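The structure appears below as C-alpha cells.
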Amino acid sequence: MMRDRFSRTELLYGAEAMERLKASRVAVFGIGGVGGYVVEALARSGIGALDLIDDDRVCPSNINRQIIATEKTVGQNKVDAAKERVHDINPDCEVRTFKTFFLPETQDLFDFHDYDYVVDAIDTVTGKLAIIEKAKAAGVPVISSMGAGNKRNAAMFEVADIYRTSVCPLAKVIRHECRKRGIDSLKVVYSKEEPLKPLKDPSADSGNCEDRPEETGGKRREKRSIPGSTAFAPSVAGLIMAGEVINDLAECL
C-alpha cells in the first residue's frame, strides 16, 4: 500500500530519494491559507514526520481559502484538523502538534536541530525573524512566505532570495531586518503583484475569528486590518513552498 501511495512520485524521484523523504521531519509554522497547502503537499509527497505549529481554530471565514477548513472542521484547532487530514492521506506519517503561536517568548519550546527543513508560513514579523534566526543557527534549511493577502494574480508568485525581492511590503521589512541581523541569504516565496486594497473592512462581521495574537504577550487584538484573500493565491504560494522543500530534501536540484 505504501508503495502504491507514492508510486507516481517515485517515478520522478527514485526509490533512494523517497527513502530520504520518508526519513525527514519538517516543521510547518502556521497552518493557514499558505501553511495548510504546504502540509497537504508534504503529506502527499511521502514526508515521514511533520511538526504542525499554530494556535488558531478553524472559523467560517477560513473556508474560502484554507484546505483544512470545511463546515465539518469549523471550531477545531487547525493543527488537529491538519493532523487528521494528514493521516487520511498517509497513516504512517508521524505528526506532532503544538497549539501555540510561534513568538519570541515561545521559541524555546522548539529544538530546531530536530528538523530537516523549516517552513515559515506565519504572519508576524517578530515571529518570522525568530524562526529564520533559529533555523540559521541550527544549520537547518528554511523557506519563508512573504505576503499572500490582498493578491489576485497567482501567476506572479516566485521563489527568490530575500535580497532579490521587490514590490512586496513584507519582503521589504524582512529584507531590512535580515540585513541588520547579518543574515546573508533566505529563500522566500513572494509576489511582485501590488497589494490590492480591500473593498471594506470585514473585521466587524459576525463569526470572524481571525484576530492574530499581539507580537508580545500573546493577547489578541480587539481590532486589526484584515486582508482580502482568495482560494488560489495563498494555495499557490503554499504549493510552491512545498515543492522547494521536497526538491531540496530529495536532492534533485
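The values are calculated or read from the model by the stated rules, or taken from the named source; none is laboratory data. Worth saying up front: this structure is predicted, and the values here are computed from it rather than measured. With ideal geometry, Cβ positions are generated from the backbone for all residues, glycine too; neighbour counts draw on all protein chains shown.
Give region 104-126 a look and list any residue that's part of a helix (DSSP H, G or I) and either under 16 Å from Gly149 (Cβ atoms) or modelled with pLDDT of 95 or more (or both), or say none.
Within region 104-126, Phe112, His113, Asp114, Val125 meet the criteria.
Answer with yes or no whether Arg65 is in a loop (DSSP other than H, G, I, E, B) and among the basic types (Lys, Arg).
For Arg65, the condition - in a loop (DSSP other than H, G, I, E, B) and among the basic types (Lys, Arg) - is met.
In region 48-79, what residues are closer than 25 Å to Asp92 by Cβ, over 13 Å from the mean Cα position of the chain (by Cα) and among the charged types (D, E, K, R)?
Lys72 - this is the single residue of region 48-79 that is closer than 25 Å to Asp92 by Cβ, over 13 Å from the mean Cα position of the chain (by Cα) and among the charged types (D, E, K, R).
Name the residues in region 144-196 that are within 16 Å of the chain's Cα centre (by Cα), surrounded by fewer than 22 Cβ atoms within 10 Å (Cβ to Cβ) and not in a loop (DSSP other than H, G, I, E, B), would you?
Glu158, Val159, Leu170, Lys187, listed by residue number.
Taking region 71-103 as the search range and keeping residues that are in contact (Cβ under 8 Å) with a residue 40 or more places away in the chain and part of a loop (DSSP other than H, G, I, E, B), which one is surrounded by the most Cβ atoms within 10 Å (Cβ to Cβ)?
Of everything passing the filter in region 71-103, Phe102 is surrounded by the most Cβ atoms within 10 Å (Cβ to Cβ).
Can you say whether Gly46 is out of contact with any Cys (no Cβ under 7 Å at 6 or more places or on another chain), crowded, with 24+ Cβ neighbours inside 10 Å and in a loop (DSSP other than H, G, I, E, B), as far as the supplied structure shows?
yes
Quick one: what pairs do we get from region 36-53, first residue of a type in the set (Lys, Arg), second outside any helix (DSSP H, G or I), C-beta under 9 Å, 6+ apart or different chains?
Taking only residues 6 or more apart or on different chains, the pairs are Arg44/Phe6; Arg44/Asn90.
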